[in-house]
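The values are calculated or read from the model by the stated rules, or taken from the named source; none is laboratory data. Computed from a prediction, not measured in an experiment: that's the story for all the values here. All Cβ positions, glycine included, derive from the backbone under ideal geometry; neighbour counts span all protein chains shown. Just so you know, the surface numbers come from the protein's heavy atoms only, side chains and all, with ligands and any DNA or RNA stripped out. Shrake-Rupley method; radii C 1.70, N 1.55, O 1.52, S 1.80 Å.
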Amino acid sequence: MLADDSILLAELTRRYNERVSEKTGTDAPRPDLYDLLLESLDQADAAFPELATWSTRKSLARIEWRRRGARMVRRGIAKRYAEAFYAFESALAAGEFVNRSLVHAYGGWMDGCPDSERFPSFFGVDHTVGGKHVKALLLLGMHARSVRIGSEILLLLREGYCEGAASRARTLYELTVKMLLICRESEDDGWELAERYFVSSRLEAFSRSELFSDSLDEANAALRDVAVGRWGTYLFRGHNNWAAPAVKVSGGRNITFRDLEEAVESESVRHMYLECNHAVHVGALTLIESTDFRRSYLHNCRSEVDILRTGRIGQATAFYLQVGTMEAAKRLTSDLSEWDWMLSAIDFHRRIEEANRCFFRIYSPRRAE
């Protein structure tokens, strides 16, 4: 297309010249072309009546096409994974029951606590919690979030959005690794890891300069001062430095997530973490490989049936949820001396094992291809 033939450029030129003629003085700012473009689009019914009608008609027609395509994708995936999805949904429900049961275990333990120990603060800092309470509440919250993330992944897999499911699976993996690290701290070891994680998470929203400035609010400043007095400023130098008691690094460098992985020996499932990273970062290679010259539109803007990835992500999610749930339940029931609440995981154990088998049985033959 030649510039002289462009309807849009002609309209922008007209608007630009109008703005220039309206301004007086040599210091008057020049009109911004992007602002003129947005203005033209806002007033398209008057500026380009035929093209505005064409754009609206074509866009509205896509709604039904997208809905029809989504139904076909859901049916295509359900034909292969209906049994696995049901097993995993049942495991999520059982996981929710486990979480509620662990809350009851915490309540039972609280009932036996002396009044002076029911709500201990973090070394006297207002609006905080410390001691065994922070560890129990932290693991309960982390487990509840893992069940919720599992539900999100199930929804995305059913709808055919494997990349979205992979990005959430990465989050679940990171959460599981941190849960495992905190669970490895036995009651005899105390709850320092949980307290460090709590403090780090509460103050991580502040930059280092903000954290150590006089402008920090009183409550957070008190928490910072106690934490620095106990553990030094190293805690706030990196997002994972809270794990220092359990992760040994040389040279005083910051702890990385890779260090956390090595500490909990998660090498056997790291390959899925790396695969999920690609879905999160959307690198150039991923974008280029998604180009399909067999299609007139080159790139897919909708959901799609991907049997292999659905199974891989589904099984990885089930495994992460299984490990996190069982470890959190074991640690909490042991620390709280409420051992029988571990039996609430009976059905979860059965359901999640079945989900693992179902996902693997379907996608493993395709992987061999």
Say we look at region 187-205 and pick out the residues that are within 23 Å of TYR320 (Cβ to Cβ) and touching a residue at least 60 places away in the same chain (Cβ under 8 Å); which of these is most open to solvent (accessible area, probe 1.4 Å)? PHE198
Are there any pairs with C-beta distances below 7 angstrom linking a residue in region 65-85 that is farther than 25 Å from PHE360 by Cα and among the β-branched types (Val, Ile, Thr) to a residue that is assigned to a helix (DSSP H, G or I) and open to solvent by 100 Å² or more (accessible area, probe 1.4 Å), with the two at least 6 apart or on different chains, and if so which? none
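To keep it simple, each residue is scored yes or no on (1) surrounded by fewer than 17 Cβ atoms within 10 Å (Cβ to Cβ); (2) modelled with pLDDT of 95 or more; (3) outside any helix (DSSP H, G or I).
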{"position": "ALA52", "(1), (2), (3)": "yes, no, no"}
{"position": "ARG62", "(1), (2), (3)": "yes, no, no"}
{"position": "ARG66", "(1), (2), (3)": "yes, no, no"}
{"position": "ALA87", "(1), (2), (3)": "no, yes, no"}
{"position": "GLY95", "(1), (2), (3)": "no, yes, no"}
{"position": "GLY108", "(1), (2), (3)": "yes, no, no"}
{"position": "CYS113", "(1), (2), (3)": "yes, no, yes"}
{"position": "PRO120", "(1), (2), (3)": "yes, no, yes"}
Entirely in region 139-241, the helices (runs of 4 or more DSSP H) that have 2 or more residues that are modelled with pLDDT of 90 or more and closer than 25 Å to GLY252 by Cα: 162-183, 192-203, 218-231
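From the residues in region 231-282 that are among the small types (Gly, Ala, Ser) and in contact (Cβ under 8 Å) with a residue 60 or more places away in the chain, which one is surrounded by the most Cβ atoms within 10 Å (Cβ to Cβ)?
So the first thing to find is which residues in region 231-282 are among the small types (Gly, Ala, Ser), and the list is 232, 238, 243-244, 246, 250-252, 263, 266, 268, 279.
From the residues that got through so far, the ones that are in contact (Cβ under 8 Å) with a residue 60 or more places away in the chain too are 243, 246, 263, 266, 279.
Details: ALA243: 23, ALA246: 19, ALA263: 17, SER266: 17, ALA279: 20.
Looking at the filtered set, the residue picked out is ALA243.
May I ask you to list the residues in region 134-170 that are open to solvent by 30 Å² or more (accessible area, probe 1.4 Å) and closer than 30 Å to TRP109 by Cβ? Lay out the reasoning, then the answer.
If we filter region 134-170 for residues that are open to solvent by 30 Å² or more (accessible area, probe 1.4 Å), which is where we start, we get 137-138, 141, 144-145, 148, 151-152, 155-156, 158-159, 161, 163, 167-168, 170.
LEU137, LEU138, GLY141, ALA144, ARG145, ARG148, SER151 - these are the residues of region 134-170 that are open to solvent by 30 Å² or more (accessible area, probe 1.4 Å) and closer than 30 Å to TRP109 by Cβ.
Of all residues in region 16-50 being of a type in the set (D, E, K, R) and modelled with pLDDT of 90 or more, which is surrounded by the most Cβ atoms within 10 Å (Cβ to Cβ)?
GLU39
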Could you grab me the full set of residues in region 169-186 that are closer than 30 Å to HIS281 by Cα and either without any contact (Cβ under 8 Å) to a residue 40 or more places away in the chain or over 22 Å from the mean Cα position of the chain (by Cα) (or both)? THR171
Just for region 283-307: of the residues that are open to solvent by 40 Å² or more (accessible area, probe 1.4 Å) and among the acidic types (Asp, Glu), which one is nearest to GLY238 (Cα to Cα)? GLU289
So which of GLU353, GLU327 ends up being of a type in the set (Asp, Glu), in contact (Cβ under 8 Å) with a residue 60 or more places away in the chain and closer than 21 Å to LEU180 by Cα? GLU327
